[in-house]
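The values are calculated or read from the model by the stated rules, or taken from the named source; none is laboratory data. From a predicted model like this one, the values you see are computed outputs, not experimental measurements. These area figures cover heavy atoms from the full protein model, side chains too; ligands, DNA and RNA do not enter into them. Shrake-Rupley method; radii C 1.70, N 1.55, O 1.52, S 1.80 Å.
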Amino acid sequence: MISTAFSDTDAIGFCRGAKSCFTVLHFRGGDMSGKDTEMIDEPLEDDAEAISNLVRQYYATRGTVPKHILLPIECEDREELETFLSESAGRKTVIEVPQRGERMRLIESAALNAKEEILRRTTQAQRRSKTLEWLQKALGLEQFPTRIEAFDISNLGNTGIVAAMTVHVDGKPLKRAYRKFRIRGLEQPDDYASMYQVISRRLQHYIDGDEKFMPLPDLFLIDGGDKHATTAVRAAADLGLVIPTFGMVKDERHRTRALVSPEGREIGIVGNQAVFSLVGNIQEETHRSAIEYQRSLRSEAYGSTLEKIPGVGKKRREELIGHFKSVKAIRQASIEELCAVVPKNTAQAVWSYFRQEEEE
């Protein structure tokens with residue numbers, strides 16, 4: 001790492017994870033001359049206050065202070081800190097919070113060093129445990145969220161409404177515990193009614209002693225906002241159960257942005273990369289499971305129609321569905337269009353079947 005702009009500069013990095021890491025990269029004469037890292041228990045302060053205190057402690061014991069110190073975020077006591085360091089150095093020390101350019105790259109490098117040091121010194125299990133601990137504190141959960149169940153509703157085409165339930169234990173997906181539901185009795189799409197039904201059915205299985213739905217989770221995560229979460233809470237309450245429940249809110253790019261309580265209180269997770277990744281992965285996994293189930297039902301419905309055509313085997317049915325996407329498109333295709341996908345004899349059989357169906 002080369003810095004041509006500064007001859008006497010320290011770049012500060014700070015990262016929270018299973019542990020927290022404070023990193024200082026030293027640049028002298030344009031080159032990175034050294035690095036110091038310190039692993040610490042989770043600071044009680046927010047990042048800005050933690051960095052300010054760590055910088056004071058570090059340079060008070062180090063004995064030498066550079067001319068420039070680059071911080072990753074703004075601190076409220078920046079002027080006081082600058083005065084303290086200048087007095088310690090016996091000359092002016094400037095503290096900056098760069099926003100762009102080479103100085104910003106130095107800060108990014110320091111942050112990356114801190115993150116990599118945490119990964120090097122902690123196990124995956126420790127990192128997952130710390131992530132769930134943070135989630136427990138942020139959501140105010142009485143129980144550690146060992147088991148998290150997430151739900152998503154999917155409605156594609158005319159094959160009905162489905163829901164998917166994914167299960168994560170100790171922060172890892174437990175795929176054998178995933179469950180899928182076909183929503184019953186709704187004449188038109190209704191996310192809230194669908195969510196009420198799927199939560200009710202999941203919990204009723206538990207009440208009935210169904211081992212496939214045991215134990216109860218420590219946390220429900222619902223794809224959607226506070227109204228979706230409220231619906232899930234009501235479904236549980238109607239069965240005499242209380243499950244901590246939060247909605248998973250997406251931004252305009254359909255990426256997980258925050259968690260929201262049934263009362264509408266948003267809990268930001270973007271600032272904690274580990275929690276942000278965990279919740280985002282849970283939401284994506286649940287959405288994927290619901291979509292895959294919906295598509296499998298659609299393919300099953302399409303396949304049952306094509307199965308009636310003599311001489312069209314499984315491989316040809318898959319080729320037709322893969323290309324045309326729907327039975328309606330296959331029915332409307334010309335003989336030439338069908339021949340472009342399957343052999344001529346198969347194309348002729350499909351085309352003749354649907355022409356005969358129209359005549360009848």
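Probing with 1.4 Å while keeping every protein chain in the model, the per residue accessible area of the chain equals 53 Å². In this structure T146 has an accessible area near 50 Å², from a 1.4 Å probe over the protein heavy atoms. Taking only protein heavy atoms and a 1.4 Å probe, the accessible area of the stretch 159-217 is 47% carbon and sulfur. Just want to confirm a number: the relative contact order over the chain, from Cα pairs under 8 angstrom separated by 6+ residues, in percent. Rounded, it is 11 percent for the chain.
Here's the list of lysines a cross-link from K250 could span, going by alpha-carbon distance under 17 Å and ignoring same-chain residues fewer than 8 apart: K227. Inter-part distance, the stretch 95-136 to the stretch 15-88, computed on C-alpha centroids, equals 14 Å. For K314, the lysines whose Cα falls under 21 Å of its own Cα, not counting residues fewer than eight places away in the same chain, are K325, K328, K344.
Subtracting the Cα-Cα distance of S352 and Q188 from 0.36 nm times their residue separation leaves 55.6 nm of extension gain.
Counting only residues at least eight positions apart within a chain, or on another chain, the aspartates and glutamates with an alpha carbon under 16 Å from that of K115 are D36, E38, D41, E42, D47.
Rolled with a 1.4 Å probe across the full set of protein chains, the surface gives R56 an accessible area near 70 Å². Reported to the nearest whole Å, the Cα centre-to-centre distance from the stretch 141-182 to the stretch 323-348 is 37.
Among the listed pairs K137/K175; K130/K172; K172/K212; K180/K315, those whose Cα-Cα separation exceeds 21 Å are K137/K175; K180/K315.
Here the Karplus relation 6.51 cos²θ - 1.76 cosθ + 1.60, evaluated at θ = phi - 60°, turns the backbone of the stretch 223-238 into coupling constants of 5, x, x, 5, 5, 5, 5, 4, 4, 5, 5, 5, 4, 5, 4, 5 Hz, with x for every Gly and Pro. If I compute solvent accessible area with a 1.4 Å probe over the protein chains, what percent of it on the stretch 1-152 is carbon and sulfur? Result for the stretch 1-152: 47 percent of the exposed heavy-atom area is carbon or sulfur.
At the residue level, H323 shows approximately 110 square angstrom of accessible surface with a 1.4 angstrom probe and all protein chains present.
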